[in-house]
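What follows is one structure encoded as structure tokens, with my remarks underneath.
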Amino acid sequence: MPAPRRTATRSRRPAAAPELREARASDVPALARMGAALAREHHRMDPARFFLPEEPIERGYAWWLGKELLNPRAAILVAARRGRPVGYAYGRIERRDWNTLRERCAVGVDLWVEKGERRRGLGRRLVEALAATFAARAEGRLVIQVAARNRLALGAFARMGFRETVVELARELEAPPPRPLRSGRRAARPPS
């Protein structure tokens, strides 16, 4: 009986974690593609709440994020694998807002991780890096908004120490029927 053949075994090393860095102008096309995917995903979750920008959405995101790269109040971080962006986090410092009774703080606006990179802690790393970026700028709070139907993200953010502060509720309104005009009558004057 012949001896069993030995097969070469390749060691399967886990892929190195993506590098986190500040976004560069050369990243804008990839950021725009990911931002457009995020907008489309939100619109799919609740089309009545999240409008879908005009197509091509990527063009609008390229304009906006390209402009934000130059904004000293903004931070855009990229997760890159072998130089190719596979995720990003974007936030900005917002002034005190009397409408929401929110003090000046950092606001996390976008977080996206490509599907093949998810569930490996990359989103957490991006959020923690964004928080550290704003903490280094002496900001004392990071506020985020999460789509209510994104239960996975809500749980992940809670595990990172975020707490619920406001719950946005939406209701679609029907337009009231038009009021008939009465011919020959003048509008009543307000009391003096």
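The values are calculated or read from the model by the stated rules, or taken from the named source; none is laboratory data. Predicted model, so just to flag it, every value in this text is computed and none were measured. Neighbour counts run over all protein chains shown; Cβ positions are idealised from the backbone, glycine included.
Things worth noting here:
- Residue check for Ser26: over 18 Å from Asp110 (Cβ atoms) and either at pLDDT 95 or above or part of a helix (DSSP H, G or I) (or both): yes
- Checking each residue of the range 93-113 against the condition of being over 18 Å from Glu22 (Cα atoms), of a type in the set (Phe, Trp, Tyr) and without any contact (Cβ under 8 Å) to a residue 40 or more places away in the chain gives at least one match.
- Test: residue in the range 46-56 that is aliphatic (A, V, I, L, M), in contact (Cβ under 8 Å) with a residue 24 or more places away in the chain and surrounded by 13 or more Cβ atoms within 10 Å (Cβ to Cβ): no
- Within the set Arg149, Arg159, the sole residue that is at pLDDT 90 or above, of a type in the set (Lys, Arg) and under 24 Å from Ile76 (Cα atoms) turns out to be Arg159.
- The single condition among (1) among the aliphatic types (A, V, I, L, M); (2) assigned to a loop (DSSP other than H, G, I, E, B); (3) out of contact with any His (no Cβ under 6 Å at 6 or more places or on another chain) that Ala147 does not satisfy is (3).
- Residue within the range 4-14 that is outside any loop (DSSP other than H, G, I, E, B) and either modelled with pLDDT of 95 or more or farther than 21 Å from Arg125 by Cβ (or both) present: no
- Yes/no for Val127 being surrounded by 13 or more Cβ atoms within 10 Å (Cβ to Cβ), outside any strand (DSSP E or B), at pLDDT 95 or above and under 13 Å from the mean Cα position of the chain (by Cα): yes
- Ala106 vs. criteria under 15 Å from Leu130 (Cβ atoms), among the small types (Gly, Ala, Ser) and touching a Ser or Thr at 6+ places or on another chain (Cβ under 6 Å): no
- Count of residues meeting criterion [small (Gly, Ala, Ser), touching a strand residue (DSSP E or B) at 6+ places or on another chain (Cβ under 7 Å) and touching a residue at least 60 places away in the same chain (Cβ under 8 Å)] in the range 118-172: 1
- Conditions (1) part of a loop (DSSP other than H, G, I, E, B); (2) among the aliphatic types (A, V, I, L, M); (3) farther than 21 Å from Glu68 by Cβ; number of the one not met by Leu154: (1)
- Residues (closer than 20 Å to Lys115 by Cβ, free of Cβ contacts under 8 Å to residues at least 60 places away in the same chain and out of contact with any Ser or Thr (no Cβ under 9 Å at 6 or more places or on another chain)) located in the range 57-84: Ile57, Glu58, Tyr61, Val78, Arg82, Gly83, Arg84
- Consider the range 101-118 and keep the residues that are of a type in the set (Asp, Glu) and either under 16 Å from Val166 (Cα atoms) or not in a strand (DSSP E or B) (or both). The one that is farthest from the chain's Cα centre (by Cα) is Glu103.
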